[in-house]
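These notes are about the structure you will find just below.
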Amino acid sequence: MSLIRRKQSRDDTFLQVNSVVKMEGVSYVYKGPPPLQALYDINMEIIRGEYVAILGPSGSGKSTFLNLVGLLDRSTSGKIYIDNIDAETLNERTRSSLRARKIGFVFQSFHLLSYKSALENVMLAQLYITNSRKQRSANALEALEKVGLTKRAYALPSELSGGERQRVAIARAIVNKPSLILCDEPTGNLDSTTAAKVLDILDELSLSGLTLVVITHSKQVADRAKRSLLFSDGMLVR
Amino acid sequence: MSSARSNRKNYLPENSRLSVIDLVFESVAAILQRPLRSIMTMVGTFLGIGTFVVLIGMSQTVSAQISKQFNILDATQVNVTEVAPSTNKGIYGFTVDSDKDIDKLNGVLSCGIWWQVQETAPVTALPGVDGSSAIYNLYAIDGSLLKASGAVISQGTGFNQFDISTHQHVIILSSAVATNLGINDLVNAPAVFIGGLPFTVIGILSSDQRLPALEVSMMIPTTTAMDTFGLPSSQYPPQMLIHTKLGAADLIARQTPVALSPTHPGYFTAISALSSNSLKNQVVGNLNTLFYILAAIAIIIGAVGIANTTLVAILERTSEIGLRRALGARKYHIASHFLLESILMGLLAGLMGSSCGILIVILVGLAKNWTVVIDPYVTLIAPFAGALIGMLAGLYPSIKASSIEPAEALRR
Ligand SMILES: Nc1ncnc2c1ncn2[C@@H]1O[C@H](COP(=O)(O)OP(=O)(O)OP(=O)(O)O)[C@@H](O)[C@H]1O
Ligand SMILES: [Mg+2]
């Protein structure tokens, strides 16, 4: 931080320090064949602690956008900063470590490993960060407690309901205390009551100061977010 | 821009890591927690290695068995022939004492001299028995030959010391010749006439283990043969047959020429039944080639099957790989994890395959009453061959699966 203050003008400092995601002229082309441009010249910034909903019709490029933010893919052109780090120029090793420490993912289809218990699934997020199994287990139990699943810690995903599975996934996303939680339609596979419970948890996380970016088709979710970005045909329209 | 670059160092988090213990733990857990999957993946290696061990074990056991059966006959027999023309004053290269010289050698059970008598006149039985006449092979044999050659005398006796030393006109007929001549028993002391000379039939030979030619012939004492038909011809030189203890034949064959003639051992060649030895080697060799080809086919089919199942098993877990990458795993973590999994499964399958293979060979051996022979190296190497196959099969898919972008992997 001292470095930033020294090199940047005072006016920029606040924005720089609190910027969690920043995109400058980002575009993305699926190589195909045939090639398909999914994003055009995206410029945006997300500030620490924001709760942002990503809206837009199917195929408008929401998931593509989130993959770039989550460093799961590389942009075709443009710059992406995560916590002020220019992520596009980093090598594979550093991008992996940024993903591990700064970003938590929640997917529509949960992506839990069927052969691991809820606890082990949460612990997996720490496997590539800390060598202490004991530490991993303690942190995972703490995260499961936050989503109210302490009692189901040793259940396999197949023994959990859809809502419970998504709560395990949320516990896995927050266990490393990341800067940013990215959710791609987290309630897409859930009925409205179960979805509400998952959204309550996201609200709590937002209140505790975490930055949330949530792709959604549901008004229910969009209403809870403080800000929304609207995509259309690969362009950010609002 | 320059600021972002210079800042980077300060802000970059520690690298992702994966300790060796965690790596092993994750791999073992993935194998054990999905037992059915793991077994399905290992079946190919298990069958491949198992078949390989069975085929190698069977080939070695069967070869040993064949050798053993050949050797029982082979390694107990030495044939000695004269090479150089006789220069000593004796009647032929072999002397009267030759038998005794050889009998002294350790490992000799018995020995005897024989040759084929060249000129044989028509043979008739005593008038009144049968009027037919024919020519049969006639052999001169000494008193101990029939013992050495393993002859079976069904009626009467062989030649005794008296017959030999007094040049008796006695004869032994093989049962085939006796039947042809109409001689069925020795009750009335039958005689045969060779070129008009009478010989008393004193024995009938029904079979001969080491000199099968005797089974269709007539035999007279060596002394009588020389009296009546002269010295052995160069076409049919005298030979000595030595019956030895099991396995002693090679050694005896080497010692014989010296024992017979310490000054001129080169006069004799002694051969331990090598002809059938080369036959044995040929049979065993053909058999081994067959087994080795089958074993190679088994391992190739196994390897292809394993490569295929491993490929499918890893590609099937592409979304797991995407997830692990999303959680911070580096390509190299993924590749080593999945590679270790296939190596461990290959090792395990190899161990089980070779154990079952050995068990099968032992059971077959017990059932057939064979001595089981398995090269210990095969049993030691087989599990590692499994691990190697696992590694080779896992190498390509694990590297491939780890090199796609996580976003792409997660979509699968
Ligand atoms: N792997 C791919 N290869 C090629 N084209 C793709 C691929 N994934 C997505 N696309 C295309 O890129 C465009 C954007 O897709 P994206 O998944 O980002 O849409 P989305 O807004 O997330 O849609 P949805 O709401 O249905 O999830 C679409 O036209 C889609 O067909
Ligand atoms: Mg989408």
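The values are calculated or read from the model by the stated rules, or taken from the named source; none is laboratory data. Keep in mind it's a predicted model, so treat the numbers as computed, not measured. FYI the Cβ positions are ideal-geometry reconstructions off the backbone, even for glycines, and counts take in every protein chain you see.
Look at (1) within 16 Å of ligand 1 (Cβ to nearest atom); (2) within 14 Å of chain B (Cβ to nearest Cβ) and you find that A:Leu230 fails only one, number (2). So in the range A:65-77, with the set limited to residues that are surrounded by fewer than 22 Cβ atoms within 10 Å (Cβ to Cβ) and within 8 Å of chain B (Cβ to nearest Cβ), which one is nearest to ligand 2 (Cβ to nearest atom)? Looking at the filtered set, the residue picked out is A:Asp73. Might you check whether a residue that is within 14 Å of chain A (Cβ to nearest Cβ) and crowded, with 18+ Cβ neighbours inside 10 Å occurs anywhere in the range B:340-350? Yes: one or more hits. Just one of the listed residues (A:Ile54, A:Ile80) is within 16 Å of ligand 1 (Cβ to nearest atom), at pLDDT 90 or above, within 13 Å of chain B (Cβ to nearest Cβ) and more than 20 Å from B:Ala409 (Cα to Cα), and it is A:Ile80.
Taking B:Gly156 and the conditions (1) within 43 Å of the chain's Cα centre (by Cα); (2) surrounded by 22 or more Cβ atoms within 10 Å (Cβ to Cβ), which numbered condition does it fall short on, given that it satisfies the others? Every listed condition holds for B:Gly156 apart from (2). Restricting attention to the range A:108-154, the residues that are small (Gly, Ala, Ser), within 14 Å of chain B (Cβ to nearest Cβ) and surrounded by fewer than 17 Cβ atoms within 10 Å (Cβ to Cβ) add up to 4. The single condition among (1) within 8 Å of chain B (Cβ to nearest Cβ); (2) part of a helix (DSSP H, G or I); (3) surrounded by fewer than 24 Cβ atoms within 10 Å (Cβ to Cβ) that A:Ser96 does not satisfy is (3).
Scanning the range B:356-412 for residues that are among the β-branched types (Val, Ile, Thr), within 14 Å of B:Val62 (Cα to Cα) and not in a helix (DSSP H, G or I) returns B:Thr371, B:Val372, B:Val373, B:Ile374. For the range B:196-223, the set of residues classified as touching a residue at least 60 places away in the same chain (Cβ under 8 Å), of a type outside the set (Gly, Ala, Ser) and not in a strand (DSSP E or B) consists of B:Gln209, B:Arg210, B:Leu211, B:Leu214, B:Val216, B:Thr222, listed by residue number.
When B:Gly182, B:Gly266 are checked against the criterion of being in contact (Cβ under 8 Å) with a residue 40 or more places away in the chain and part of a helix (DSSP H, G or I), a single residue qualifies: B:Gly266.
Checking the range A:192-208 against the condition returns no match, with no residue being in a strand (DSSP E or B) and either away from ligand 2 (no atom under 16 Å from the Cβ) or polar (S, T, N, Q) (or both).
Within the range A:17-47, the set of residues being out of contact with any Gly (no Cβ under 8 Å at 6 or more places or on another chain) and either within 16 Å of ligand 2 (Cβ to nearest atom) or assigned to a loop (DSSP other than H, G, I, E, B) (or both) comprises A:Tyr30, A:Lys31, A:Gly32, A:Pro33, A:Pro34, A:Pro35, A:Leu36. The residues in the range A:83-93 that are more than 21 Å from B:Arg411 (Cα to Cα) and at the interface with chain B (Cβ under 7 Å from one of its Cβ atoms) can be counted, and the count is 5.
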